[in-house]
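Step one of this worksheet: look at the structure below.
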Ligand code: SF4
Ligand code: SF4
């Protein structure tokens, strides 16, 4: 069983289509919607976790892309403004996936975008406003 967390962007003409439910059924996947912003007059955005067997999971992602949905790795949409980060460490304990962590030897605070699930918890706790959303 594999899991894949991705950001899906739906162009306006696809917003009313049952793309996700069809994809889930066709490729026998489980899913968990982490965030969704869909307004009829503009692009739709969904942060979603798919679970399933490797091949069907990859086929489902390919299928989504073919239908016109833009599929992005999840970490691309939360970034750390390195110029603003003071490495104060206030974000470390609140991050549920340890995407923000401290190297105990060097005392540097790092951001691993591959682990980030875009939960946004770090955004309000950062005193320097270094964590930025690019949705
Ligand atoms: S809270 Fe903000 S300034 Fe402090 S370490 Fe985290 S990202 Fe950097
Ligand atoms: S958005 Fe959530 S998962 Fe990503 S770095 Fe911030 S607290 Fe961690």
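The table below lists the values:
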| quantity | calculated |
| --- | --- |
| Residue check, residue 120 in contact with a strand residue (DSSP E or B) (Cβ under 8 Å, 6 or more places away or on another chain), touching a residue at least 12 places away in the same chain (Cβ under 8 Å) and over 30 Å from residue 42 (Cα atoms) | no |
| For residue 90: the one exception among (1) near ligand 1 (Cβ under 10 Å from one of its atoms); (2) closer than 27 Å to residue 6 by Cβ; (3) surrounded by 13 or more Cβ atoms within 10 Å (Cβ to Cβ) | (2) |
| Some residue of the stretch 63-82 being crowded, with 19+ Cβ neighbours inside 10 Å and more than 24 Å from residue 131 (Cβ to Cβ) | yes |
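Since every read-out is calculated from the coordinates, none of them should be taken as a lab result. Nothing here was measured: the structure is a model prediction, and the numbers come from that model. Backbone-built Cβ (ideal geometry, glycine too); neighbour counts: all protein chains shown.
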